[in-house]
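**Student:** Please find one structure pasted underneath; my questions will follow.
The values are calculated or read from the model by the stated rules, or taken from the named source; none is laboratory data. Because the structure is a prediction, the values reported are computed rather than measured. So basically every Cβ, Gly included, is an ideal-geometry build from the backbone, and we count neighbours across all protein chains shown. Each accessible area value is taken on the protein alone, full model and side chains, heavy atoms only, with ligands, DNA and RNA left out. Shrake-Rupley method; radii C 1.70, N 1.55, O 1.52, S 1.80 Å.
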Amino acid sequence: MYASTVRGLLVRGMLAGLIAGLFAFAVAYVVGEPPVRGSIAVEEAQAAKDAAGAPSAHAGHGGDAASGEAAEEEEELVSRPVQSTFGLATGVLVYGVALGGIASLAFSFALGRVGGFSPRATAALTGAGAFALVYLVPFLKYPATPPAVGNPDTIGQRTTLFFLMILLSVLLGVGAIILGRRLAPRLGNWNATLAAAGGFIVATALAFAVLPDNSDAVQPGFPAALLWEFRIASLAVQLVLWAVFAIVFGVLAQRLLAAHAEGAEATAAAQREAPALG
């Protein structure tokens, strides 16, 4: 029964992630695409300015041929309209389904272990915790930057640092939960929660201090307002994703667990009545 319940929660978590991904895609397209287009326009304008100010290394027909070859090399393999629609939708939906499945497994573990919360309340806590640990905490250390911004030679390093921060955030969050559970018998639930939260904040601050900064994440002279708009849009996409997931998954999980509970009661009642009938 337990395995079938977890499997059912996993399927519903992925479905909730898909639905949440649809809402997140809408926000990303409406709110996130304008600053992306603006950042690309800034990059193109800067490239044109640099090209106009740089002396030509080739003259005549040879220079034109070199320019043509460079233009061909820089031609996008996927057009911007496709990137901003089908490509964006695919990425967000796959992201939502994957994280929805993982969050449903975390919900299965947390249900009944972090307090006497209902499935809906546990789903809300799982969504809020996932948003904070997987995105918000890493975002505070390594804020999102628009595409075509920053030194492309350091993108691998920046990506590694961001995922390392996600891993540390999740591990510290799990450690805080374990610490709170162990302190609860001695301090009480409220004081244990405060102590665990304080420990998480201190450990996160130490991680922020130890990990290096992205000193070249944004090129000098990039419009601050445009960067701020992109980061707010990125934050809004993640907030909508996890909020919708928590609401939808909470409803689906509540129905599934209620149906399983009713089935278990009916089975137990039938087993009690069986000897009497015999």
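**Student:** Give me the net charge for the shell around Gly127: Cβ to Cβ below 14 angstrom, other residues only, Lys and Arg +1, Asp and Glu -1.
**Tutor:** In short, +2.
**Student:** Ok, one more. Over the stretch 161-257, what number does the Rg to Rh ratio reach, with both radii from the alpha-carbon atoms and Rh per Kirkwood?
**Tutor:** Value, to two decimals: 1.10.
**Student:** At 1.4 Å probe size, put Tyr29, Tyr95 in order of accessible surface, largest to smallest.
**Tutor:** Ranking Tyr29, Tyr95 by accessible area, largest first, yields Tyr29, Tyr95.
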